[in-house]
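The block underneath contains the structure these notes are about, expressed in structure tokens.
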Amino acid sequence: MSEAGSYVIEEGGIGVITVDNPPVNALGIKTRLAIAEGFERFGGDDAVKAIVLICGGRTFFAGADISEFGRPPQSPVLHEVMRIIEDSSKPVVAAIHGTALGGGYELSLVCHYRIAVPSAMVGLPEVNLGLLPGAGGTQRLPRIVGVEAALDIITGGKPIKAKQALHLGMIDALAEEGKLREDAIAFARRILAEGKPLLRVRDRNEKLEGAKGNPGLFDDYLKKNARAFRGFKAPTNIVRAIQAAVDTAPDFEAGSRRETELFRELEPSTESQAQRYYFFAERETAKIPDIGKDVPTLPIQTVGVIGAGTMGGGIAMNFLNIGVPVTLMEMSQEALDRGIAVIRRNYESAAKKGRLTQDQVEQRMALITPAIGLEALSQVDLVIEAVFEEMGVKKDVFAKLDGICKQGAILASNTSFLDVDEIAAATSRPEWVVGLHFFSPANVMRLLEVVRGDKTSKEVVATAMALGKKIGKVPVLSRVCFGFIANRIMAKRSAEASAIILEGPSPQQVDKALYDYGFAMGPFQMNDLVGLDVIGRGSTERSVAGDLVKLDRLGQKKNGGYYDYDENRKATPSPVAAQVIADFAQFKGVENKGPQSDADIVARLLYPVVNEGAKLLEEGIALRASDIDVAAILGYNWPVYTGGPMFWGDTIGLPKIVEGLKALGIEPSNLLLEKAAAGTSFTRG
Ligand code: 3HC
Ligand code: NAI
């Protein structure tokens, strides 16, 4: 018997193949062998009239085994297994629970029928790995849901709930929750009783007809989604593969050959390598070498948030969303009312878009206990402080919390830059103090930096990491330093951006170079959006932004900033800003070096980020290079298809980064020098 498969014949000649290969039944060699063996046994057994393919453990097949990509294929490959299933003369029913994703869902499409429990999800998420569904998904899905739905489903990559999947035709029936095996067997018996001829998805061509008469559909689709697809390679190949399904129908094999070609183009691409690396990087962040599964996490049933400003409100929403009551505390009734009104407005707007019901809005709002005064926080399990970014204020708050909060409460600060150890020292229980650094908007951004102080206990760190995951964030562990991981590395980009505009390149050229690199916007567009008064807050040194503020140019919100804006907020280069920059350059004695290429600008702004990342590793602030990449991608929208700064540095080549830094007069970090000299990398094995 195969290691991962078990094979039982049930009454009525229903052969049940159960595959169990933890954790997620990825279609690696062990899983493939288990399926193949089942079909070999039952195929030649006259007692078996129909076959049910079902998985043990937490999910149906979660897709191809991503860790096998780039390695020599081992037989039977996925296509061979699928051929065996599709050619079965006995009807095959896929019985789905958990998530049937990628190759897993594609495998269900070579079965003759698909039945799923209501909690199951199906989908083709390959686009998120920079790939296309290369096991027939681009050919078979349009044959059952139609071309337009298939385009959205495959380029979107989002899993679809069973009920919606039934509606779309992605599955054929719903089973009762918890009764998948019985219901699938009953379903198979019914099919046998009906005695209808077997229909393979590959032979169904009628849903492709409409698109055949509309060849412009695919170009239009790419044009319409140009913004969302920018920089990614996979969406275009997906669209072309679906187009091939239409163009070659009814010749299924011809379409499949095109799918394979388009898949092979993607697999070795840097973009796909980066996205696959990122898939594992995101999961790796949870692993902390000295904190194993034996370290207990503490129950967090109630939360207190101090400060209902920009951050506090968003932070509170994370907990309200999962049903955890929040005591929201402010200094004045007015600030409290304002903060709560913003939370309500956010929920109402989600409700308007159909993402929440009005009942859910009210339920969440009812979980807020408004409070003036810290005393209200005496019984909460976790306090998150989000008051002004001033050490004096923070210390005062923490000293008071020490006297008020129950023993065993976790005391967290959302500080962006300040020393968490110093904040902890204001209490008599520094082992209970931790940084929980959210990114703005805190209810949306998926990064959560968990800042581990010198004295923070392991239980508190483990609890913070687990809690982060629970509220849908990706927690990344950082040690204490100015700016932690994401802000510290990205501050280098801002500093170089401010410097380079004094030397010739305009803000718009710098912004365009970074936009073309893949950022959603450049640093100057970003500053104008946030507001130059906010950006320069607390700084006493003269700067271009400060000089613009002196002219009452605050950015988009008032009189323009680095750009001028029309009434539709469309930006144009600003002669006033250009003059301010020139005056400031003169004041600083910086010479205009004339124009620079976009590539030079990118190197100037981003090589120092790689260097700073190396320093974080050297100093032990970040645990691993991939954590830095996750922080940059989720905290600053660094384009995921570059893999983040460290993966990108490796792609460029570390010797080249070292050379570039030296040419800029920047000292490369020791770790960077070592790796460049040794020919090793941060992220490649
Ligand atoms: N291959 C290899 N390992 C996988 C995997 C896969 N397809 N999917 C998950 N894993 C691993 C994870 O790395 C993790 O390993 P770890 O415990 O050592 O860190 C473990 O399985 C559990 O995964 P999660 O922590 O993500 O578990 P969840 O329960 O949170 O989520 C899931 C389960 C929804 C299935 C999620 O893992 C997931 O989305 N997996 C990827 C699905 C996917 O992208 N499939 C397409 C693959 S490409 C493909 O099929 C190509 C084909 O078209 C030819
Ligand atoms: P904010 O100024 O919008 O809000 C701060 C709120 O705290 C105000 O409403 C104020 O009334 C209240 N407050 C001040 N002292 C208080 C006290 N003693 N007790 C109760 N309430 C008090 O500031 P913002 O932007 O929300 O920042 C808060 C913290 O979050 C800062 O430490 C900041 O560095 C950090 N942060 C900010 C981010 C951002 O993008 N705005 C991102 C990540 C962290």
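A few notes on this one:
- With only the Cα atoms considered, the range 341-469 has a convex hull volume of 118 Å³ per residue.
- Net charge contributed by nearby residues that have their C-beta within less than 11 Å of Y278 (K/R +1, D/E -1): -2
- Note on K400: lysines with a C-alpha under 26 Å away, same-chain residues under 8 apart excluded, are K455, K458.
- Alpha carbon convex hull of the chain, volume per residue in cubic angstrom: 185 Å³
- Charge dipole of the range 523-645 (Cα centre as origin; +1 on each Lys and Arg Cβ, -1 on each Asp and Glu Cβ, all else neutral): 220 debye, rounded to the nearest 20.
- Here the contact order of the chain, divided by its residue count and restricted to Cα pairs under 8 Å and six or more residues apart, works out to 8 percent.
- Whole-Hz ³J(HN,Hα) from phi, Karplus 6.51 cos²θ - 1.76 cosθ + 1.60, for the range 330-342, glycine and proline x: 9, 7, 9, 4, 5, 5, 5, 4, 4, x, 5, 5, 5
- Under a 5 Å amide H cut-off, with hydrogens placed 1.01 Å from N, S413 pairs with E385, V434, G435, L436 among residues at least 5 apart or on other chains.
- Cα-projected label distance for K196 with E348, points at 7 Å along beta-carbon direction, nm: 5.0 nm
- Percent of beta bridges antiparallel (DSSP, the chain, rounded to nearest 5): 30 percent
- Subtracting the Cα-Cα distance of S6 and R446 from 0.36 nm times their residue separation leaves 154.4 nm of extension gain.
- Restricted to Cα atoms, the range 293-384 shows a radius of gyration and a Dmax of 13.8, 46 angstrom.
- Counted over the range 5-204 with a bin width of 5 Å, the fraction of Cα pairs per bin, in whole percents, is 1, 8, 17, 22, 22, 17, 8, 3, 1, 0.
- Other-chain or far-sequence residues with amide H under 5 Å of T99's (modelled H): F60, M121
- In a fully extended conformation the segment linking R58 and E375 would gain 109.7 nm over its present Cα-Cα distance, using 0.36 nm per residue.
- Residue-by-residue Karplus 3J(HN,Hα) for the range 511-526, coefficients 6.51, -1.76, 1.60, Hz, glycine and proline x: 4, 5, 4, 6, 4, 5, 5, x, 6, 5, 7, x, x, 7, 4, 5
- Shape class for the range 504-588: rounded, because the ratio a/c of the largest to smallest gyration tensor axis (alpha-carbon atoms, square roots of eigenvalues) is under 1.5.
- For the residue pairs K394/K492; K287/K352; K223/K470; K512/K550; K406/K470, alpha carbon separations beyond 31 Å are given by K287/K352; K223/K470.
- Nearest-10 value in Å² for the accessible area of F438, using the 1.4 Å probe: 10 Å²
- In this structure the amide hydrogen of G555, modeled in the peptide plane, comes within under 5 Å of the amide hydrogens of L532, G560, G561, none closer than 5 places in sequence on its chain.
- Projected onto planes of every orientation and averaged, the convex hull of the alpha-carbon atoms in the range 574-685 covers 8.8 nm².
- Rounded to 5, percent antiparallel among DSSP beta bridges of the range 5-204: 30 percent
- Across the range 5-204, the relative contact order, built from alpha-carbon pairs under 8 Å that are at least six residues apart, equals 20 percent.
- Degrees, to the nearest 10: 486-500 long Cα axis against longest axis of the chain: 60 degrees
- Counted over the range 303-481, the DSSP beta bridges are approximately 15% antiparallel.
- Working from label points 7 Å from Cα in the Cα-to-Cβ sense, the K179 to D220 distance is 4.6 nm.
- If the segment from A399 to A228 were pulled out straight at 0.36 nm per residue, it would be longer than the present Cα-Cα gap by 56.8 nm.
- Calculated [222 nm] ellipticity per residue, helices only, for the chain: -14500 deg cm²/dmol; basis is -39500 (n - 2.57) per DSSP H run with n ≥ 4, divided by all residues, nearest 500.
- The 3J(HN,Hα) values that the Karplus relation (6.51, -1.76, 1.60; θ = phi - 60°) gives for the range 626-632 are, in residue order, 5, 5, 5, 5, 4, 4, 5 Hz. Gly and Pro appear as x.
- Average accessible area per residue (Å²) across the chain - probe 1.4 Å, nucleic acids and ligands excluded: 44 Å²
- For M391 and V590, the FRET efficiency from 1/(1 + (r/R0)^6), where r spans their Cβ atoms and R0 equals 35 Å, is about 0.60.
- Modelled FRET efficiency - R0 22 Å, Q363 with A335, Cβ distances, 0.05 increments: 0.35
The values are calculated or read from the model by the stated rules, or taken from the named source; none is laboratory data. Quantities reported herein were computed from a predicted structural model and do not represent experimental measurements. Note that we place each Cβ from the backbone using ideal geometry, even for glycine, and neighbour counts take in every protein chain shown. Remember, those area values only see protein heavy atoms, side chains included, never the ligands or the DNA or RNA. Shrake-Rupley method; radii C 1.70, N 1.55, O 1.52, S 1.80 Å.
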